[in-house]
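Working notes, structure below.
No lab work stands behind these numbers, since they all come straight from the coordinates. Keep in mind the model is a prediction, meaning the values are calculated, not measured. Positions of Cβ are generated from backbone atoms using ideal geometry, with glycine treated the same way; all protein chains shown enter the neighbour counts.
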Amino acid sequence: MKTTSLLLRLRSIWIMSSWLRHEGLAAAAMVVRRREKNLQRLEYEQKLESDVGQVGVDSRGQLRRVRVSRERRGLNDVPLGGSKPFDEKQAEEQLQQTLDKLTAGDGPHYKIVKVYTASRQLVSGTLTRIDADLIDGNDEQRRCIVEIWAQPWLEQGHKITFKCHNQPAVHARHSRSVEWAEKKTHKKHNHHSLNKIDHLFHVFQIKYKRRYANSMEHQMRLRIFRQNLRTIQELNDNEQGSAKYGITEFADMTSTEYTQRAGLWQRSANKPTGGKPAVVPPYKGELPKEFDWREKNAVTQVKNQGSCGSCWAFSVTGNIEGLYAIQTGELREFSEQELLDCDSTDSACNGGLMDNAYKAIKDIGGLEYESEYPYLAKKKQCHFNKTLSHVQVADFVDLPKGNETAMQEWLLANGPISIGLNANAMQFYRGGVSHPWGPLCSKKNLDHGVLIVGYGVSDYPNFHKTLPYWIVKNSWGPRWGEQGYYRVYRGDNTCGVSEMATSAVLA
Ligand SMILES: *[C@@H]1O[C@H](CO)[C@@H](O)[C@H](O)[C@H]1NC(C)=O
Ligand SMILES: *[C@@H]1O[C@H](CO)[C@@H](O)[C@H](O)[C@H]1NC(C)=O
């Protein structure tokens, strides 16, 4: 009896312990496997980023993010989830390796032409983003953003996304086998790859053909772009009219760069302008609700000043083209380049004032046609030829400041008006009647010269809103704004529209 019960007890202990051993081993094996996998991952991440001492494997084999004190962080440390520029040479090598692996399968065949920028980000693996020109299987060169999301501890290995200019995104993964999937949209992969701003910035670079010299400039432009997105938000949030602001070709420029690119000098407040006060003939009866010199064949096509601060010259030729068309019935384009080359008071691409330009035209002896003296967006030797002078200027007039009714009357009687305004809201203008909140568009800071060619009123009965506006011809090409035009609120001197209104007087 005693022996039996002892044997039975021994047996149950053995069963129990063997069960325990079995389960325990399984559990221990799991810890070992997990630990191995994570050590592999850790080793991989550490190999890639020396600053990922922030990750460790704990006693249960789990990956742990270890906080690193601020002092230990160098300038080059990339916080997890953040992205940092990555050596272009290295990026090109990685891209080449990836392309080699992929061309072994049946995916698209690409050859590298040039790598513009590359950045690397740690997001449960490494996300490398490479912006490069690639030649595809049809020998066509395209600008592409290639994203390689590497998670080598997983079966799938690498996920690759190609997004080339004017092409649908292509997704692939490669490990042992190569799989392909083509998708029109790439919504799915967005959540863990491109953050929204990076994505917008890449789209911007492709759309406006930006090629930054190196990754340092790329990072700087990205910072400016991010700041500008906040400005756009601010303009939209505070808009009192119907305008929409968004990403334009100026979205990677600081406000200083943008202002220089416009090119209007400040008029000194106490010095006389040299113009005569304009005589504003009183209008008989009620002023028309709207008027547009474009419909009277007095406005030439929208021009483009390019990367040259010559707005002042375009503002003046626009005014003279209008006056000339109304006087002679003939619409002709006049030369800005002549002013860039021959007006020595103004400073060509470094800015100028309309007041000076009127005087210069008088002194030079007139303006040649655009076709005879074409625009080069750069100062050259003056080659004005008096026999080709088709229009002469006798004088110029200053319209009364802060009286937009007088401007309306003058415009109806005489033609388009040259004005200086604050172009803050124009940097991101996408259309609508622009009525920025005062503090965002000071009346005193005039930095751009343009041309008023008409006016009108927009009614928004659903919003109980009536928006009177000026139609402003700009010189940033027809792709900017509303086919090259800006509509700005009329009636409260928005952005200083009535502060510097002038016109030539033809001889
Ligand atoms: C000025 O233009 C006229 C007319 O085209 C031409 O005959 C003449 O040679 C030009 N003069 C100069 C100096 O280029
Ligand atoms: C604005 O100009 C108009 C027309 O010249 C004139 O009748 C009116 O009195 C002016 N208004 C102000 C406030 O000066």
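Between Tyr116 and residues 5 or more places away or on another chain, which pairs have amide H atoms under 5 Å apart, with H built 1.01 Å from N, and which residues are they?
Answer set, sorted by chain and number: Asp131, Ala132, Asp133.
If packing is taken as the mean number of other Cβ atoms within 10 Å per residue, what is the order of 380-392, 425-437, 327-339, highest first? List each step's numbers first, then the result.
Working: 380-392: 13.2, 425-437: 22.4, 327-339: 19.1.
For the peptides 380-392, 425-437, 327-339, the packing ranking is 425-437, 327-339, 380-392.
For the stretch 205-216, just list the computed ³J(HN,Hα) in residue order, Karplus coefficients 6.51, -1.76 and 1.60, θ = phi - 60°, integers in Hz, with x standing in for Gly and Pro.
Per residue, the Karplus-derived 3J(HN,Hα) values read 4, 6, 4, 9, 6, 7, 10, 7, 4, 7, 5, 5 Hz.
Between Lys284 and Glu257, what FRET efficiency comes out of the Förster formula 1/(1 + (r/R0)^6) with R0 = 56 Å and r the beta carbon distance, rounded to 0.05?
0.70
Taking the Cα centre of the stretch 238-506 as the origin, how large is its charge dipole in debye, to the nearest 20, when only Lys and Arg (+1) and Asp and Glu (-1) carry charge on their Cβ atoms?
320 debye
What are the residues whose amide H is under 5 Å from the amide H of Asn304, where those residues sit 5 or more places off or on another chain and H is modelled from the backbone?
Residues meeting the amide H criterion: Gly477.
At a temperature of 20 °C and a viscosity of 1.002 mPa s, determine how fast the stretch 364-471 diffuses translationally according to Stokes-Einstein, using the Kirkwood radius over alpha-carbon pairs as Rh; express D in µm²/s, rounded to the nearest whole number.
Answer, rounded: 123 µm²/s.
Given a cut-off of 31 Å, name the pairs among Lys89/Lys196; Lys444/Lys473; Lys303/Lys401; Lys378/Lys401; Lys244/Lys401; Lys196/Lys473 whose C-alpha atoms lie farther apart than that in the structure shown.
From Lys89/Lys196; Lys444/Lys473; Lys303/Lys401; Lys378/Lys401; Lys244/Lys401; Lys196/Lys473, over 31 Å: Lys378/Lys401; Lys196/Lys473.
Please list 3J(HN,Hα) in residue order for the stretch 274-284, calculated via the Karplus relation 6.51 cos²θ - 1.76 cosθ + 1.60 where θ = phi - 60°; whole Hz, with x for glycine and proline.
Listing the rounded values in order: x, x, 8, x, 6, 8, 9, x, x, 8, 7 Hz.
For Val433, what residues show an amide H to amide H distance below 5 Å, using hydrogens built from the backbone and excluding near sequence neighbours?
Residues meeting the amide H criterion: Ser242, Ala243.
Please list, in order along the stretch 395-409, the HN-Hα scalar couplings obtained from phi with the Karplus expression 6.51 cos²θ - 1.76 cosθ + 1.60 (θ = phi - 60°), rounded to whole Hz, x for Gly and Pro.
5, 8, 10, 9, 7, x, 6, x, 10, 6, 5, 4, 4, 4, 5
Measuring from the lowest to the highest alpha carbon on each principal axis, how far does the stretch 238-506 reach, largest first, in angstroms?
58, 49, 37
Report the semi-axes of the equivalent ellipsoid for the stretch 349-419 in whole Å, largest first, where each axis is √(5λ) for an eigenvalue λ of the Cα gyration tensor. List each step's numbers first, then the result.
Details: eigenvalues 153, 43, 27 Å².
Output for the stretch 349-419: semi-axes of 28, 15, 12 Å.
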